[in-house]
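Here is the structure we will look at, set down as C-alpha coordinates.
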Amino acid sequence: MKKSVVLLNMGGPSNLGEVRTFLKNMFADPNILTVKSSALRWLIGTIIVLTRTKNAQSHYALIGGSSPLLPLTEKLAAKLSSLMDEKVYIAMRYVPPFSKEVVKAMMEDEVQEVVLLPMYPHYSTTTTKSSIEDFYKATLEMGYHPKVHTIERFYKKRAFNELIVEKIKETLAGEDAEDFDLVFSAHSLPQKIIDAGDSYEKEIEEHVQILEGLLYSEGVHFRKTHLAYQSKLGPMKWIGPSLGDMLTKISASNKKVLVYPIAFTVDNVETAYELDIEYREIAEELKIEDYRVVSCPNDSEDFARALAEIIDEKMGTE
(Lines give C-alpha, C1' and ligand atoms only; values in the text may rest on other atoms or scores of the structure.)
Protein backbone atom coordinates (compact mmCIF):
# COMPACT_ATOMS: atom_id res chain seq x y z
CA MET A 1 0.00 0.00 0.00
CA LYS A 2 1.52 3.31 -1.09
CA LYS A 3 1.86 5.65 1.89
CA SER A 4 2.58 9.36 2.35
CA VAL A 5 2.55 12.20 4.86
CA VAL A 6 0.79 15.56 4.55
CA LEU A 7 2.02 18.49 6.61
CA LEU A 8 -0.89 20.86 7.25
CA ASN A 9 -0.52 24.53 8.17
CA MET A 10 -2.35 27.83 7.82
CA GLY A 11 0.29 29.07 5.39
CA GLY A 12 1.68 32.51 4.79
CA PRO A 13 1.79 34.92 1.83
CA SER A 14 4.55 34.26 -0.71
CA ASN A 15 4.44 37.91 -1.81
CA LEU A 16 2.75 41.15 -0.77
CA GLY A 17 -0.05 40.65 -3.30
CA GLU A 18 -1.00 37.37 -1.64
CA VAL A 19 -1.58 39.03 1.74
CA ARG A 20 -5.14 39.91 0.75
CA THR A 21 -5.87 36.31 -0.31
CA PHE A 22 -4.49 35.06 2.99
CA LEU A 23 -6.66 37.41 5.05
CA LYS A 24 -9.75 36.85 2.90
CA ASN A 25 -9.59 33.08 3.26
CA MET A 26 -8.76 33.23 6.95
CA PHE A 27 -11.72 35.40 7.85
CA ALA A 28 -14.06 33.33 5.68
CA ASP A 29 -13.22 30.31 7.86
CA PRO A 30 -16.13 29.51 10.24
CA ASN A 31 -13.60 28.14 12.72
CA ILE A 32 -12.01 31.60 12.91
CA LEU A 33 -15.08 33.83 12.68
CA THR A 34 -17.54 31.71 14.61
CA VAL A 35 -20.71 33.67 13.85
CA LYS A 36 -23.46 31.33 12.64
CA SER A 37 -24.65 33.48 9.76
CA SER A 38 -22.49 33.02 6.64
CA ALA A 39 -23.70 36.41 5.36
CA LEU A 40 -22.64 38.13 8.58
CA ARG A 41 -19.31 36.27 8.51
CA TRP A 42 -18.74 37.50 4.94
CA LEU A 43 -19.53 41.07 5.96
CA ILE A 44 -17.26 41.04 9.02
CA GLY A 45 -14.51 39.30 7.08
CA THR A 46 -14.72 41.81 4.25
CA ILE A 47 -14.43 44.72 6.67
CA ILE A 48 -11.42 43.14 8.37
CA VAL A 49 -9.69 42.52 5.03
CA LEU A 50 -10.33 46.07 3.84
CA THR A 51 -9.02 47.60 7.06
CA ARG A 52 -6.06 45.28 7.71
CA THR A 53 -4.51 44.46 4.34
CA LYS A 54 -2.21 47.49 4.02
CA ASN A 55 -1.06 47.24 7.62
CA ALA A 56 -0.38 43.51 7.26
CA GLN A 57 1.52 44.13 4.01
CA SER A 58 3.75 46.61 5.83
CA HIS A 59 4.60 43.91 8.37
CA TYR A 60 5.54 41.41 5.66
CA ALA A 61 7.56 44.08 3.89
CA LEU A 62 9.72 44.40 7.00
CA ILE A 63 10.55 40.68 6.94
CA GLY A 64 11.46 40.49 3.26
CA GLY A 65 8.09 40.81 1.50
CA SER A 66 6.81 37.32 2.25
CA SER A 67 6.27 34.78 5.01
CA PRO A 68 9.17 32.41 5.73
CA LEU A 69 6.68 29.65 6.55
CA LEU A 70 6.31 27.90 3.17
CA PRO A 71 10.00 27.76 2.14
CA LEU A 72 10.96 26.51 5.61
CA THR A 73 8.20 23.90 5.51
CA GLU A 74 9.33 22.77 2.06
CA LYS A 75 12.86 22.20 3.39
CA LEU A 76 11.46 20.35 6.41
CA ALA A 77 9.29 18.17 4.17
CA ALA A 78 12.31 17.23 2.04
CA LYS A 79 14.28 16.16 5.13
CA LEU A 80 11.33 14.24 6.54
CA SER A 81 10.80 12.51 3.19
CA SER A 82 14.44 11.44 3.12
CA LEU A 83 14.27 10.08 6.66
CA MET A 84 11.06 8.13 6.11
CA ASP A 85 11.61 7.20 2.47
CA GLU A 86 8.07 8.33 1.73
CA LYS A 87 6.71 11.30 -0.18
CA VAL A 88 5.75 14.26 2.02
CA TYR A 89 3.20 16.76 0.75
CA ILE A 90 2.38 20.24 2.08
CA ALA A 91 -1.19 21.60 2.23
CA MET A 92 -1.86 25.15 3.37
CA ARG A 93 -5.20 26.40 4.66
CA TYR A 94 -5.37 29.97 3.35
CA VAL A 95 -2.80 30.27 0.53
CA PRO A 96 -1.32 27.84 -2.02
CA PRO A 97 -0.61 25.00 -2.06
CA PHE A 98 -4.25 24.34 -1.15
CA SER A 99 -5.61 20.94 -0.11
CA LYS A 100 -7.33 20.44 -3.48
CA GLU A 101 -4.00 20.75 -5.31
CA VAL A 102 -2.38 18.29 -2.91
CA VAL A 103 -5.24 15.78 -3.14
CA LYS A 104 -5.02 15.89 -6.93
CA ALA A 105 -1.28 15.17 -6.76
CA MET A 106 -1.84 12.31 -4.31
CA MET A 107 -4.46 10.77 -6.60
CA GLU A 108 -2.04 10.97 -9.51
CA ASP A 109 0.65 9.37 -7.34
CA GLU A 110 -1.83 6.63 -6.35
CA VAL A 111 -1.35 7.19 -2.62
CA GLN A 112 -3.58 4.80 -0.66
CA GLU A 113 -2.65 5.63 2.94
CA VAL A 114 -1.80 8.99 4.46
CA VAL A 115 -0.77 10.51 7.78
CA LEU A 116 -2.15 14.01 8.33
CA LEU A 117 0.15 16.06 10.54
CA PRO A 118 -1.07 19.57 11.40
CA MET A 119 2.02 21.59 12.32
CA TYR A 120 0.44 22.83 15.54
CA PRO A 121 1.70 21.17 18.75
CA HIS A 122 -1.58 21.91 20.55
CA TYR A 123 -5.11 21.16 19.37
CA SER A 124 -7.43 24.03 18.55
CA THR A 125 -10.59 24.29 16.50
CA THR A 126 -9.05 27.38 14.86
CA THR A 127 -5.98 25.55 13.58
CA THR A 128 -5.93 21.74 13.82
CA LYS A 129 -9.65 21.17 13.28
CA SER A 130 -9.83 23.76 10.49
CA SER A 131 -6.90 22.25 8.59
CA ILE A 132 -8.12 18.67 8.92
CA GLU A 133 -11.66 19.59 7.86
CA ASP A 134 -10.29 21.42 4.84
CA PHE A 135 -8.31 18.37 3.74
CA TYR A 136 -11.29 16.02 4.18
CA LYS A 137 -13.51 18.42 2.25
CA ALA A 138 -11.07 18.27 -0.66
CA THR A 139 -10.99 14.46 -0.63
CA LEU A 140 -14.80 14.25 -0.66
CA GLU A 141 -15.15 16.76 -3.47
CA MET A 142 -12.64 14.84 -5.58
CA GLY A 143 -13.88 11.35 -4.73
CA TYR A 144 -10.62 10.32 -3.11
CA HIS A 145 -10.80 7.86 -0.19
CA PRO A 146 -7.39 6.85 1.19
CA LYS A 147 -6.87 5.34 4.62
CA VAL A 148 -6.17 8.34 6.87
CA HIS A 149 -4.27 8.58 10.17
CA THR A 150 -4.46 11.91 11.97
CA ILE A 151 -2.06 13.36 14.54
CA GLU A 152 -4.04 16.05 16.36
CA ARG A 153 -1.40 17.16 18.89
CA PHE A 154 2.19 16.36 19.78
CA TYR A 155 3.15 18.73 22.60
CA LYS A 156 3.73 15.82 25.01
CA LYS A 157 6.26 14.04 22.80
CA ARG A 158 9.66 13.90 24.48
CA ALA A 159 11.79 14.21 21.32
CA PHE A 160 9.96 17.39 20.39
CA ASN A 161 10.32 18.87 23.86
CA GLU A 162 14.00 17.96 24.13
CA LEU A 163 14.48 19.87 20.87
CA ILE A 164 12.80 22.94 22.38
CA VAL A 165 15.05 22.79 25.43
CA GLU A 166 18.11 22.66 23.16
CA LYS A 167 16.83 25.67 21.18
CA ILE A 168 16.44 27.62 24.42
CA LYS A 169 19.94 26.63 25.58
CA GLU A 170 21.41 27.65 22.21
CA THR A 171 19.79 31.08 22.50
CA LEU A 172 21.26 31.53 25.98
CA ALA A 173 24.65 31.04 24.30
CA GLY A 174 26.36 29.93 27.48
CA GLU A 175 25.02 32.76 29.67
CA ASP A 176 23.47 32.06 33.05
CA ALA A 177 19.74 31.35 32.73
CA GLU A 178 19.21 32.69 36.26
CA ASP A 179 19.86 36.20 34.89
CA PHE A 180 16.89 35.89 32.50
CA ASP A 181 13.12 35.71 32.75
CA LEU A 182 11.74 33.12 30.32
CA VAL A 183 8.45 33.90 28.59
CA PHE A 184 6.54 31.25 26.68
CA SER A 185 4.51 33.25 24.17
CA ALA A 186 1.47 31.65 22.51
CA HIS A 187 -0.95 32.96 19.92
CA SER A 188 -4.03 34.19 21.77
CA LEU A 189 -7.63 33.14 21.08
CA PRO A 190 -10.97 34.82 21.78
CA GLN A 191 -12.21 33.81 25.23
CA LYS A 192 -15.54 32.68 23.73
CA ILE A 193 -13.75 29.98 21.71
CA ILE A 194 -12.14 28.61 24.88
CA ASP A 195 -15.48 28.85 26.71
CA ALA A 196 -17.05 26.77 23.91
CA GLY A 197 -14.74 23.89 24.81
CA ASP A 198 -11.53 24.48 22.83
CA SER A 199 -8.68 22.69 24.67
CA TYR A 200 -5.91 24.99 23.38
CA GLU A 201 -5.35 27.07 26.54
CA LYS A 202 -5.30 24.00 28.78
CA GLU A 203 -2.80 22.24 26.50
CA ILE A 204 -0.56 25.31 26.34
CA GLU A 205 -0.49 25.50 30.15
CA GLU A 206 0.32 21.80 30.41
CA HIS A 207 3.07 22.17 27.82
CA VAL A 208 4.67 24.98 29.84
CA GLN A 209 4.75 22.67 32.88
CA ILE A 210 6.37 19.89 30.83
CA LEU A 211 9.06 22.23 29.51
CA GLU A 212 9.71 23.71 32.96
CA GLY A 213 10.33 20.20 34.24
CA LEU A 214 12.69 19.34 31.39
CA LEU A 215 14.63 22.59 31.79
CA TYR A 216 14.98 21.95 35.52
CA SER A 217 16.23 18.40 34.91
CA GLU A 218 18.83 19.81 32.50
CA GLY A 219 20.03 22.25 35.15
CA VAL A 220 18.63 25.28 33.32
CA HIS A 221 17.11 27.50 35.99
CA PHE A 222 15.59 30.78 34.84
CA ARG A 223 14.98 33.63 37.27
CA LYS A 224 11.25 33.27 36.63
CA THR A 225 9.13 31.56 33.97
CA HIS A 226 5.95 33.09 32.52
CA LEU A 227 3.20 32.35 30.01
CA ALA A 228 1.83 35.18 27.85
CA TYR A 229 -0.24 35.54 24.69
CA GLN A 230 0.23 37.56 21.51
CA SER A 231 -1.63 38.47 18.28
CA LYS A 232 -4.89 39.70 19.80
CA LEU A 233 -7.28 41.14 17.19
CA GLY A 234 -10.36 43.28 17.72
CA PRO A 235 -12.23 44.54 20.82
CA MET A 236 -13.55 41.25 22.20
CA LYS A 237 -12.02 39.52 25.23
CA TRP A 238 -9.04 37.29 24.40
CA ILE A 239 -7.11 34.95 26.68
CA GLY A 240 -4.17 36.55 28.46
CA PRO A 241 -2.07 38.00 29.92
CA SER A 242 -0.80 39.80 26.84
CA LEU A 243 2.90 39.67 26.03
CA GLY A 244 3.08 43.45 26.22
CA ASP A 245 1.69 43.46 29.75
CA MET A 246 4.03 40.65 30.74
CA LEU A 247 7.10 42.49 29.45
CA THR A 248 6.00 45.59 31.37
CA LYS A 249 5.68 43.53 34.56
CA ILE A 250 9.07 41.86 34.09
CA SER A 251 10.85 45.13 33.28
CA ALA A 252 10.14 46.43 36.78
CA SER A 253 12.55 43.87 38.27
CA ASN A 254 14.67 42.44 35.45
CA LYS A 255 16.24 43.69 32.23
CA LYS A 256 16.97 40.35 30.57
CA VAL A 257 14.20 38.41 28.82
CA LEU A 258 14.16 35.33 26.61
CA VAL A 259 10.99 34.55 24.62
CA TYR A 260 10.05 31.15 23.19
CA PRO A 261 7.09 31.02 20.71
CA ILE A 262 5.53 27.90 22.20
CA ALA A 263 2.53 27.68 19.83
CA PHE A 264 4.58 27.72 16.62
CA THR A 265 6.85 25.16 14.98
CA VAL A 266 7.86 27.15 11.88
CA ASP A 267 8.73 30.84 11.83
CA ASN A 268 6.08 33.15 10.38
CA VAL A 269 4.94 36.76 10.65
CA GLU A 270 4.01 36.27 14.33
CA THR A 271 7.59 35.34 15.17
CA ALA A 272 9.66 37.17 12.53
CA TYR A 273 7.71 40.45 12.80
CA GLU A 274 5.69 40.49 16.02
CA LEU A 275 8.22 38.94 18.36
CA ASP A 276 11.47 39.95 16.71
CA ILE A 277 10.54 43.49 15.61
CA GLU A 278 7.35 44.81 17.26
CA TYR A 279 7.91 43.43 20.76
CA ARG A 280 11.64 44.10 20.56
CA GLU A 281 10.78 47.79 20.15
CA ILE A 282 8.44 47.55 23.14
CA ALA A 283 11.20 45.88 25.16
CA GLU A 284 13.60 48.71 24.27
CA GLU A 285 11.01 51.28 25.37
CA LEU A 286 10.76 49.40 28.68
CA LYS A 287 14.57 49.61 29.07
CA ILE A 288 14.96 45.85 28.77
CA GLU A 289 18.66 45.58 27.94
CA ASP A 290 18.77 42.01 26.61
CA TYR A 291 15.73 40.77 24.69
CA ARG A 292 16.12 37.44 22.92
CA VAL A 293 13.70 35.44 20.77
CA VAL A 294 14.23 31.72 20.28
CA SER A 295 13.67 30.66 16.67
CA CYS A 296 11.16 27.88 15.93
CA PRO A 297 12.38 24.34 15.18
CA ASN A 298 11.85 25.16 11.47
CA ASP A 299 13.63 22.81 9.08
CA SER A 300 16.23 21.47 11.51
CA GLU A 301 17.38 17.87 11.24
CA ASP A 302 16.37 17.33 14.87
CA PHE A 303 12.81 18.49 14.16
CA ALA A 304 12.56 16.25 11.11
CA ARG A 305 13.74 13.30 13.22
CA ALA A 306 11.26 14.14 15.99
CA LEU A 307 8.38 14.27 13.50
CA ALA A 308 9.47 10.99 11.91
CA GLU A 309 9.40 9.39 15.36
CA ILE A 310 5.94 10.83 16.06
CA ILE A 311 4.62 9.56 12.71
CA ASP A 312 6.14 6.10 13.16
CA GLU A 313 4.58 5.86 16.62
CA LYS A 314 1.19 6.81 15.21
CA MET A 315 1.41 4.23 12.44
CA GLY A 316 2.52 1.56 14.91
CA THR A 317 -0.54 2.02 17.11
CA GLU A 318 -3.20 1.91 14.38
*For the range 64-80, how many residues are surrounded by fewer than 18 Cβ atoms within 10 Å (Cβ to Cβ) and touching a helix residue (DSSP H, G or I) at 6+ places or on another chain (Cβ under 6 Å)?*
1
*For the range 235-292, which residues satisfy the criterion of being surrounded by 22 or more Cβ atoms within 10 Å (Cβ to Cβ), aliphatic (A, V, I, L, M) and either in the same structural domain as VAL19 (by TED's automatic domain parsing) or touching a Gly at 6+ places or on another chain (Cβ under 8 Å) (or both)?*
VAL269
*For MET119, work out the one condition from (1) over 19 Å from ASP299 (Cβ atoms); (2) touching a Ser or Thr at 6+ places or on another chain (Cβ under 6 Å) it doesn't fulfil.*
(1)
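Residue check: is LEU70 part of a helix (DSSP H, G or I), out of contact with any Ser or Thr (no Cβ under 7 Å at 6 or more places or on another chain), at pLDDT 95 or above and not assigned by TED's automatic domain parsing to the domain that holds PRO261?
Numbers: part of a helix (DSSP H, G or I): yes; out of contact with any Ser or Thr (no Cβ under 7 Å at 6 or more places or on another chain): no; at pLDDT 95 or above: yes; not assigned by TED's automatic domain parsing to the domain that holds PRO261: yes.
Against the criterion (part of a helix (DSSP H, G or I), out of contact with any Ser or Thr (no Cβ under 7 Å at 6 or more places or on another chain), at pLDDT 95 or above and not assigned by TED's automatic domain parsing to the domain that holds PRO261), LEU70 does not qualify.
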_Within the range 204-213, does at least one residue satisfy the condition of being within 23 Å of GLY11 (Cα to Cα) and either out of contact with any Phe, Trp or Tyr (no Cβ under 6 Å at 6 or more places or on another chain) or at pLDDT below 95 (or both)?_
yes
*In the range 1-23, which residue that is in contact (Cβ under 8 Å) with a residue 40 or more places away in the chain and among the charged types (D, E, K, R) is surrounded by the fewest Cβ atoms within 10 Å (Cβ to Cβ)?*
LYS2
*Looking at the range 28-41, which of its residues are surrounded by 15 or more Cβ atoms within 10 Å (Cβ to Cβ) and out of contact with any Lys or Arg (no Cβ under 8 Å at 6 or more places or on another chain)?*
ILE32, ARG41
*Check the range 122-133 and report whether any residue there is among the hydrophobic types (A, V, I, L, M, F, W, C), surrounded by 14 or more Cβ atoms within 10 Å (Cβ to Cβ) and farther than 22 Å from SER300 by Cβ.*
yes
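The values are calculated or read from the model by the stated rules, or taken from the named source; none is laboratory data. Values in this document were obtained by computation on a predicted structure and should not be read as measured data. Every residue, glycine as well, gets a Cβ built from its backbone with ideal geometry; the counts of neighbours run over all protein chains shown.
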